[in-house]
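**Student:** Sharing a structure below in structure tokens format, with a few things to ask.
Since every read-out is calculated from the coordinates, none of them should be taken as a lab result. Quantities reported herein were computed from a predicted structural model and do not represent experimental measurements. Don't worry about glycine lacking a Cβ; one is built from the backbone with ideal geometry, like all the others, and counts go over all protein chains shown.
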Amino acid sequence: MATTAPDRILTLDVIRGVAVMGIFSVNVIGFAMIESAYFNPAAFGGHTGANLALWAANMVAIDGKMRTLFSMLFGASMLLVIERAERSGRSGWWTHCRRMVVLLGFGLLHYYFVWFGDILTLYAASGLVAFLFRRMAPAKLLAAGAALVIANMVLFGLFLHGQYLADLAAHAPGASARAIRQWNEGLGTLYPSAAEIAKDKALHLGSYPDFVRDNLADWNSVFGNTLPLMMDTVGLMLIGMAGFKSGFLTGEWADSRYRRLAVTTIALGATAGAATVAYDIGSHFYIVGIMSAFIVAEAPFMTIMAAGYAALIILLSRGNGDLAQRIAAAGRCAFTNYLGTSIVAILVYYGWGLGLYGSVSRWQAWLLAPLVWIAMLLWSKPWLERFHYGPFEWAWRSLSRWKLQPMRRRFDIAAVLAG
């Protein structure tokens with residue numbers, strides 16, 4: 001299997017690099033404007049013309065697919081770390097547990113002090129559960145993962161049906177105050193009023209201490225950000241483990257198999273994504289419908305499309321060219337790049353930075369994404385030529401092992417001269 005270093009698997013790094021870059025393509029909207037706009041295009045930021053085209057392109061090609069791919073890679077990488085620990089005589093569980101606890105700490109800091117859309121807390125909690133399945137054969141891992149994804153669809157379907165009934169009750173003639181309150185505290189929050197938008201903008205353009213104070217006041221919101229997504233995330237991690245054990249994610253399959261998988265699944269996923277876009281526009285962005293189409297109806301197609309992307313990325317990286325190496329380096333520094341995008345984004349959009357929050361349209365906000373991609377590709381490879389890990393990867397490893405890890409690479413001058 002191809003590697004970028006003695007202990008690296010090139011395909012895992014390249015796929016992870018693409019995923020972390022793709023995730024920011026949709027996350028950037030969550031940094032630039034009110035949270036509702038991330039889920040409901042009609043809430044804020046524009047949903048016509050270029051704004052509509054950008055939202056539609058992200059919905060078809062990126063949204064949900066890159067998070068799915070990243071979750072699969074997390075499961076594969078987690079299994080790789082556990083197996084290496086056990087081969088070296090260390091406890092796989094203890095190694096994994098410490099890593100997840102430290103990751104949870106980073107996630108909580110990220111959630112309360114930087115951005116509500118943190119996924120690290122979700123991955124830490126899900127990773128602890130996924131560990132229990134690690135010894136399963138690939139076929140059983142795939143079946144268990146698919147079962148969890150389907151179960152998540154069913155549960156969200158029931159929730160969304162309840163929200164549909166709540167919407168009907170709240171807007172029925174003579175609706176009770178209780179019915180109206182239930183809707184307004186549910187998905188009704190994704191139809192923000194002008195006053196709510198102004199309040200949100202004032203908070204994000206205000207002082208950093210006030211921003212943190214507001215987050216900490218709602219400290220238990222992290223559970224709502226994590227628990228509802230755990231079943232799906234654990235399922236995707238198990239699918240990633242199956243992909244690792246079967247040789248799929250490590251590039252061991254024949255090119256013909258990758259080619260067939262990529263063509264079929266990407267076509268199916270893109271068709272489902274286009275159908276979701278068509279429905280959302282046709283429904284005038286009815287939020288219960290948006291959520292039902294995206295979280296329930298499109299979920300299986302999203303999963304297989306992510307697998308197709310993995311197959312395509314593996315095929316395109318076969319030559320191990322300069323671009324593949326740079327993307328692989330971005331993948332090796334995925335933890336730093338993920339947190340780094342959050343830091344860059346809040347410095348661009350929030351009040352203690354350039355203060356562009358709530359003042360740009362959807363397509364204008366997205367223009368930061370390609371700039372961030374370029375930065376990832378430019379810094380990651382030169383950094384790793386001098387250091388063993390990205391900055392946050394080093395911190396995660398050192399804290400997990402309770403010991404500072406070597407950071408700077410030592411070069412053998414004699415070998416360099418001889419080469």
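**Student:** What's the Kirkwood radius of the range 286-419 in Å, using all Cα pairs?
**Tutor:** 18.5 Å is the Kirkwood radius here.
**Student:** Could you work out the equivalent-ellipsoid semi-axes for the range 186-231, taking the square root of 5 times each eigenvalue of the Cα gyration tensor, largest first, in whole Å? Don't skip to the end; give the middle numbers.
**Tutor:** Working: eigenvalues 100, 61, 10 Å².
Its equivalent ellipsoid spans semi-axes of 22, 17, 7 Å.
**Student:** What is the distance in Å between the Cα centres of the range 62-90 and the range 21-53?
**Tutor:** Result: 29 Å between the Cα centres.
**Student:** Identify, among 17, 146, 211, the residue whose Cα sits farthest towards the positive end of the charge dipole of the chain, taking +1 on the Cβ of Lys and Arg and -1 on the Cβ of Asp and Glu, with the dipole about the Cα centre.
**Tutor:** Highest projection toward the positive end goes to 17.
**Student:** I would also like to ask the following. Net charge near residue 193, counting Lys/Arg +1 and Asp/Glu -1 over other residues with Cβ under 11 Å of its Cβ?
**Tutor:** -1
**Student:** Right, here's the next one. Using only the Cα atoms of the range 180-334, each taken as one equal point scatterer with no solvent, compute I(q) by the Debye sum, divide by I(0), and report log10 of the ratio at q = 0.18 Å⁻¹.
**Tutor:** -1.17
**Student:** Find how much the distance from residue 254 to residue 274 grows on full extension, using 0.36 nm per residue of separation minus their present alpha carbon separation; answer in nm with one decimal.
**Tutor:** Using 0.36 nm per residue and subtracting the Cα-Cα distance, I get 4.2 nm.
**Student:** Can you run phi through the Karplus equation (6.51, -1.76, 1.60; θ = phi - 60°) for the range 122-128 and list ³J(HN,Hα) in whole Hz, with x for Gly and Pro?
**Tutor:** Calculated HN-Hα couplings, in order: 4, 5, 5, 5, 5, x, 5 Hz.
**Student:** Sort 69, 108, 122, 168 so that the residue with the fewest other Cβ atoms within 10 Å of its own Cβ comes first and the one with the most comes last. Numbers along the way, then the final one.
**Tutor:** Numbers: 69 28, 108 16, 122 24, 168 13.
With the fewest neighbours first, 69, 108, 122, 168 line up as 168, 108, 122, 69.
**Student:** Can you work out ³J(HN,Hα) from phi for every residue in the range 89-98, in order, using Karplus 6.51 cos²θ - 1.76 cosθ + 1.60 and θ = phi - 60°, giving whole Hz and x for Gly and Pro?
**Tutor:** After applying 6.51 cos²θ - 1.76 cosθ + 1.60, I find x, 8, 6, x, 5, 5, 4, 5, 4, 4 Hz.
**Student:** On to the next question. What are the ³J(HN,Hα) couplings of the range 318-325, residue after residue, when phi is run through the Karplus curve with 6.51, -1.76, 1.60 and θ = phi - 60°? Round to Hz, x for glycine and proline.
**Tutor:** Values per residue, Gly and Pro as x: 4, x, 6, x, 4, 5, 4, 5 Hz.
**Student:** Please give the peptides 237-250, 169-182, 47-60 ranked by average Cβ packing (other Cβ atoms within 10 Å per residue), highest first, as a rough proxy for protection.
**Tutor:** The most tightly packed comes first, giving 237-250, 47-60, 169-182.
**Student:** Once you keep just the Cα pairs under 8 angstrom separated by 6 or more residues, what percentage relative contact order results for the chain?
**Tutor:** It comes to 30 percent, rounded to a whole number.
**Student:** In the chain, if the dipole is taken from +1 on Lys/Arg beta carbons and -1 on Asp/Glu beta carbons about the Cα centre, which of 59, 302, 356 is farthest to the positive end?
**Tutor:** My answer, from the dipole projection, is 302.
**Student:** Something else: Assuming 1.306 mPa s and 10 °C, estimate D for the range 1-97 with Stokes-Einstein, Rh taken as the Kirkwood radius over Cα pairs, in µm²/s.
**Tutor:** My calculation gives 100 µm²/s for D.
**Student:** Name the residues whose placed amide hydrogens come within less than 5 Å of the amide hydrogen of residue 387, ignoring near sequence neighbours (fewer than 5 apart) on the same chain.
**Tutor:** Under 5 Å from the amide H of residue 387 lie the amide H atoms of 409, each far enough along the sequence or on another chain.
**Student:** In deg cm²/dmol and to the nearest 500, what is the mean residue ellipticity at 222 nm of the chain if only DSSP H runs of at least 4 residues count, each as -39500 (n - 2.57), divided by the residue total?
**Tutor:** So the calculated ellipticity at 222 nm is -24000 deg cm²/dmol.
**Student:** What is the angle, in °, between the Cα long axis of helix 299-316 and the longest principal axis of the Cα atoms in the chain? Nearest 10 is fine, range 0 to 90.
**Tutor:** It works out to around 30 degrees.
**Student:** Right, something else. For a footprinting-style exposure proxy, rank 388, 284, 204 by other Cβ within 10 Å, fewest first.
**Tutor:** Values: 388 16, 284 9, 204 22.
Fewest-to-most ranking of 388, 284, 204: 284, 388, 204.
**Student:** At 4 °C and 1.567 mPa s, what whole-number value in µm²/s does Stokes-Einstein give for the translational diffusion of the range 3-59, with Rh from the Kirkwood sum over Cα pairs?
**Tutor:** Translational D for this selection: 98 µm²/s.
**Student:** Follow-up question, since we're still on this one. If you add up the charges near residue 144, with Lys and Arg at +1 and Asp and Glu at -1, over every other residue whose beta carbon is less than 14 angstrom from its beta carbon, what do you get?
**Tutor:** Neighbourhood net charge equals +3.
**Student:** Express the relative contact order of the range 44-132 as a whole percentage, based on alpha carbon pairs under 8 Å and six or more residues apart in sequence.
**Tutor:** Details: 47 pairs, mean separation 19.2, N = 89.
Computed over the range 44-132, the figure is 22 percent.
**Student:** With viscosity set to 0.692 mPa s at 37 °C, what whole-number translational diffusion coefficient in µm²/s follows for the chain from Stokes-Einstein and a Kirkwood radius over Cα pairs?
**Tutor:** Working: Rh = 22.6 Å.
My calculation gives 145 µm²/s for D.
**Student:** Taking the 0 to 90 degree range and rounding to the nearest ten, how far is the long axis of helix 208-217 tilted relative to the main principal axis of the chain, both from C-alpha atoms?
**Tutor:** 80
**Student:** Treating the angle as unsigned and between 0 and 90°, give the value, to the nearest 10°, between the Cα long axis of helix 221-245 and the longest Cα principal axis of the chain.
**Tutor:** With rounding to tens, the tilt is 40 degrees.
**Student:** For residue 270, what is the net charge nearby, where nearby means another residue's Cβ is under 15 Å from its Cβ and Lys, Arg count +1, Asp, Glu -1? Mind showing how you got there, number by number?
**Tutor:** Working: positive: 65; negative: 63, 298.
Here the charged neighbours net out to -1.
**Student:** Taking the Cα centre of the range 300-419 as origin, sum charge times position over the Cβ atoms of Lys and Arg (+1) and Asp and Glu (-1), and report the length of that vector in debye to the nearest 20. Mind showing how you got there, number by number?
**Tutor:** Details: 12 positive and 4 negative charges, 69 e Å.
The calculated dipole for the range 300-419 is roughly 340 debye.
**Student:** Sticking with this structure for a sec: Cα extents of the range 136-227 along the three principal axes, largest first, in whole Å?
**Tutor:** Dimensions of the range 136-227 along the principal axes of its Cα atoms: 53, 44, 19 Å.
**Student:** Rounded to the nearest 20 Debye, what is the dipole magnitude of the chain about its Cα centre when Lys and Arg each give +1 and Asp and Glu each give -1 at the C-beta? Show your work: numbers first, answer last.
**Tutor:** Values: 33 positive and 23 negative charges, 304 e Å.
Dipole magnitude for the chain comes out near 1460 debye.
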